[in-house]
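*Asks:* After the structure tokens below, expect a handful of questions from me.
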Amino acid sequence: MLDRPAAVTIPLAPMLDEKALARALSGRHFIGGSLVAARGGKTFPVVNPATGLEIATAAEGDAADVDAAVQDAAVAQKAWARMPARKRGALVAACAGVIREHVEELARLIALETGKALRTESRVEANTVADVLEFFGGLGSELKGESVPFAPDVLSVTVREPLGVVGAIIPWNVPMLLMALKIAPALVAGNTVVVKSAEEAPLAVLRICELMARVLPPGAFNMLSGFGPECGAPLVAHPLVRKVTFTGSVEVGRIVAKEAAAKLIPVTLELGGKSPMIIFSDCDFERTVTGAVTSMRFTRQGQSCTAASRIYVERPIFDRFVAALAARVDAMVMGDPLDEATDIGTIISPEQFAKVEGFIAEGAATPGATARACSAMPADPALRKGLFIRPHIFTGLSNDSRLVQQEIFGPVTCVFPFDDAEAVLAEANDSEYGLAASVWTNNLKVGLALAHRLEAGLVQINQNLVVQANLSYGGVKSSGLGKEASLESMLEHFTHKKTIMVNYAE
Ligand code: ADP
Ligand code: MG
């Protein structure tokens, strides 16, 4: 038995006072079914980006915490893998039920710690978490193998087996959902999990662990908070971690992939995007403007891997489209993330804020470029230290501008006119990234031809939804390796196929 630091418990009943809940979750990892302090006793502050005020602390994990969590997960995995797959699925689906009862609580907490607006983003995310757990919870009986016609008198079959302990590293933009997309298939497939949360958003995901523990056995599911090199890296490197699934930057994705290569373990990487949206003159105009507003993910301050950050509009409707888009964004309300009237909240951190402002300044200073700053800063003096950035729509930039080539992860989009489908396809594909793309036209011949030739993991015509349960999600080029969100992704990325042969010849 490991020596265990003191645990705290939080009432199961939903806590709608998000500040009290943040304090109750302060300074804790979730290991072996309990909320525990870091072994080294260290913590770091969690700050509300709408006010700049500290709302909680988070446990600062290091290699000793990683080892404790992984050891617990490894012990738990033996029993978890022996449980019938449908039973595991039923338990994961039961977690969805607990989450549903806590949607409002989780939505308020995530809005507090990330600055994402309650109505447009945070509540949607909390509901989607339950949806994802329900979806994967129903897939236990799909962990099937095959029988192989090898030879007469030899029964040759394949079976799907779990990989062991999975290390999951998540970012801060949609932490609850991205965690669910990793842990649900991992658990249903018979693995146990250690999650490393993002340092900017450790609280709501921690509460989810604590809620899921009402249903799942201790150790099945563990969470550490802390920084990348001190806590994420030892998780990837731990010898008992047999698979890593990571969502984050290309730069860190490469570091994770290198370590996984050294250990010869599989890795799934979801690493950003620079998603093009291609709009033809024959599109349904109003629907496409609405689609563009959703696609730019400005309600999430553009902090989305699939944000339409490059919009190519056929020249005859270009001016009208830019004007309509700017008018629609102007009508969006920036304000207190916890206010129901708010459409747009804050940027996550001062570092991201400075980065996004740098891109905007560079775009505005580019000769020939026009920057349209939309919406209005919130008037409330309590928010004056908030990390609000007005959404910006740029025109007049060239395809090689840094704003067009690099992922900004902020409320910035660049709009270009085009005359020719071949030329626009070449521009759209002229990117290091290849996560998502969309085409807007009533000519489905044109739309489908482009869909086949766009270099992206997900192409949508006349819509641009975020990741959906049951549809494989993941990019090509620098956007990553492997898929998430689907049955196939669970089978491919969280199991291995074992062959068993029985010779029954006389
Ligand atoms: P961002 O820059 O948007 O925060 P990152 O890729 O830096 O994206 O972070 C995504 C996640 O990866 C976070 O949980 C972070 O702590 C973690 N991370 C950062 N560096 C490392 C590393 N060297 N090894 C493992 N995880 C890391
Ligand atoms: Mg980083």
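The values are calculated or read from the model by the stated rules, or taken from the named source; none is laboratory data. Just so you know, these numbers come straight off a predicted model, no measurement behind them. Methodologically, a virtual Cβ is constructed for each residue, glycine included, from the backbone with ideal geometry; neighbour enumeration extends over all protein chains shown. Protein only, heavy atoms only, side chains kept; ligands, DNA and RNA dropped before computing areas. Shrake-Rupley method; radii C 1.70, N 1.55, O 1.52, S 1.80 Å.
*Asks:* Given a 1.4 Å probe and every protein chain left where it sits, what share in percent of the accessible area of region 1-157 is carbon and sulfur?
*Replies:* 57 percent
*Asks:* Same structure again: Between the alpha-carbon centers of region 111-145 and region 321-381, tell me the distance in whole angstrom.
*Replies:* Going from one Cα centre to the other spans 27 Å.
*Asks:* What is the percent of Cα-Cα separations in region 282-361 that go past 21 Å?
*Replies:* Details: 1142 of 3160 pairs.
Tail of the P(r) past 21 Å holds 36 percent of the pairs.
*Asks:* When the helix-only estimate is applied to the chain (DSSP H runs of n ≥ 4, each -39,500 (n - 2.57), divided by the residue count), what is the mean residue ellipticity at 222 nm, nearest 500 deg cm²/dmol?
*Replies:* Mean residue ellipticity at 222 nm (helix-derived): -11500 deg cm²/dmol.
*Asks:* In whole Å, how far is the Cα centre of region 203-234 from that of region 479-500?
*Replies:* Cα centres, region 203-234 to region 479-500: 22 Å.
*Asks:* Then there's this: Rounded to the nearest 20 debye, what is the charge dipole size of region 225-382 about its Cα centre when +1 sits on each Lys and Arg Cβ and -1 on each Asp and Glu Cβ?
*Replies:* Here region 225-382 has a charge dipole of around 780 debye.
*Asks:* Give a quick list of trypsin sites (Lys or Arg not before Pro) in region 370-403 that DSSP marks as loop, anything other than H, G, I, E or B, with at most 16 other Cβ atoms within 10 Å.
*Replies:* In loop regions of region 370-403 (DSSP not H, G, I, E or B), the sparsely surrounded trypsin sites (Lys or Arg not before Pro) are Arg384, Lys385.
*Asks:* How much of the accessible area of region 276-469, probe 1.4 Å, is carbon plus sulfur, in whole percent?
*Replies:* Whole-percent figure for carbon plus sulfur exposure: 54.
*Asks:* Tell me, what is the per residue accessible area of the chain in Å², probe radius 1.4 Å?
*Replies:* It amounts to 39 Å² per residue over the chain.
*Asks:* Here is a further query. Which is farthest toward the positive dipole end of region 276-469 among Ala456, Pro381, Ala364, measuring Cα position about the Cα centre, with Cβ charges +1 (Lys, Arg) and -1 (Asp, Glu)?
*Replies:* Pro381
*Asks:* Just how many % of Cα pairs in region 429-506 lie over 21 Å apart, if you round to the nearest whole percent?
*Replies:* Looking at region 429-506, the distances longer than 21 Å represent 44 percent of pairs.
*Asks:* Another question, if that's okay. How big is the accessible area of Leu109 in square angstrom, nearest 10, if you roll a 1.4 angstrom probe over the protein chains?
*Replies:* Roll a 1.4 Å probe over it and Leu109 shows about 0 Å².
*Asks:* Could I ask something else about it? Just report the Cα centroid separation between region 443-457 and region 4-83, whole Å.
*Replies:* Computed from Cα coordinates, the inter-centre distance equals 45 Å.
*Asks:* Taking the dipole about the Cα centre of region 67-113, with the C-beta of Lys and Arg at +1 and of Asp and Glu at -1, give me whichever of Val70, Met83, Ile99 is farthest to the positive side.
*Replies:* Met83
*Asks:* Using only Cα atoms, figure out Rg for the chain and give it as a multiple of 2.2 N^0.38 Å.
*Replies:* Values: Rg = 23.4 Å, N = 506, 2.2 N^0.38 = 23.4 Å.
Output field value: 1.00.
*Asks:* Where nothing but the Cβ of Lys and Arg (+1) and of Asp and Glu (-1) is charged, how large is the charge dipole of the chain around its Cα centre, in debye to the nearest 20? Intermediate results must be reported in sequence, preceding the final value.
*Replies:* Values: 47 positive and 55 negative charges, 195 e Å.
The calculation lands at about 940 debye.
*Asks:* A further question on this structure: Report, for region 276-469, the % of DSSP beta bridges that are antiparallel, rounded to 5.
*Replies:* Working: 4 of 25 bridges.
In region 276-469, DSSP labels about 15 percent of beta bridges as antiparallel.
*Asks:* Here is a further query. May I ask you to list the trypsin sites (Lys or Arg not before Pro) in region 102-194 that are in a DSSP loop and have at most 10 other Cβ atoms within 10 Å of their Cβ?
*Replies:* Taking region 102-194 and a limit of 10 other Cβ atoms within 10 Å, the loop trypsin sites (Lys or Arg not before Pro) found are Lys144.
*Asks:* Heavy-atom accessible area of Thr128 with all protein chains present, probe 1.4 Å, nearest 10 Å²?
*Replies:* Surface accessible to solvent at Thr128 totals approximately 40 Å².
*Asks:* Also, I was wondering about something else. How many percent of the accessible area of region 167-216 is carbon or sulfur, using a 1.4 Å probe?
*Replies:* 48 percent
*Asks:* Something else now. Taking every DSSP beta bridge with both residues inside the chain, roughly what % is antiparallel (nearest 5)?
*Replies:* Taking every DSSP beta bridge within the chain, about 45 percent pair in antiparallel fashion.
*Asks:* At 10 °C and a viscosity of 1.306 mPa s, what translational diffusion coefficient does Stokes-Einstein give for region 276-469, taking Rh as the Kirkwood radius over Cα pairs? Give it in µm²/s as a whole number.
*Replies:* 94 µm²/s
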